[in-house]
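The values are calculated or read from the model by the stated rules, or taken from the named source; none is laboratory data. Quantities reported herein were computed from a predicted structural model and do not represent experimental measurements. Virtual Cβ from ideal backbone geometry, glycine too; neighbours counted across all protein chains shown.
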Amino acid sequence: MTTSLPCTSLGRKGNGGAWRSTTHTLSSSGNVRELENVIERAVILTPGLSLKIDDCLDARPDTGMDSDSKKLEDMERSHIIRTLEEANWIIDGKRGAASILGMNPGTLRSRMKKLGIKRPQSNN
């Protein structure tokens with residue numbers, strides 16, 4: 001895909017007031033702002049009048065997460081359980097899990113119910 005970019009909007013002076021840009025396979029996922037950011041970054045980092053967009057200019061951060069990543073609900077469940085264990089399954093009070101998580105105890109109980117979190121039975 002070949003695109004003409006007006007240099008004035010990008011703060012660069014070029015041949016005839018426009019840059020010629022040949023973009024190669026940019027990931028189709030994303031949006032116009034991401035594409036705009038990639039192009040602006042390329043304008044800043046590319047010397048001369050030929051705008052080159054390399055893979056290294058992809059503006060999206062690498063999260064280190066793959067397609068098998070946990071769902072948000074799973075991560076929330078794990079975090080709440082860890083916090084409850086740290087608080088010895090105490091929800092209310094200054095040292096309770098709700099206080100540690102910065103939430104209302106009623107909200108924590110509601111989230112626990114929604115996520116199916118129950119205090120494990122002790123063997124005593």
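Please verify whether the range 40-47 includes one or more residues that are within 17 Å of the chain's Cα centre (by Cα) and modelled with pLDDT of 80 or more. No, that holds for no residue. When residues in the range 88-103 are screened for being surrounded by 13 or more Cβ atoms within 10 Å (Cβ to Cβ) and farther than 12 Å from residue 119 by Cα, 8 of them pass.
Taken together, 77, 33 contain a single residue that is modelled with pLDDT of 80 or more and over 30 Å from residue 104 (Cα atoms), which is 33. Whether a residue is under 28 Å from the mean Cα position of the chain (by Cα), of a type outside the set (S, T, N, Q) and modelled with pLDDT of 95 or more was assessed, and residue 108 passes this test. Of all the numbered requirements in (1) touching an Asp or Glu at 6+ places or on another chain (Cβ under 8 Å); (2) modelled with pLDDT under 80, residue 97 misses one, and that requirement is (2).
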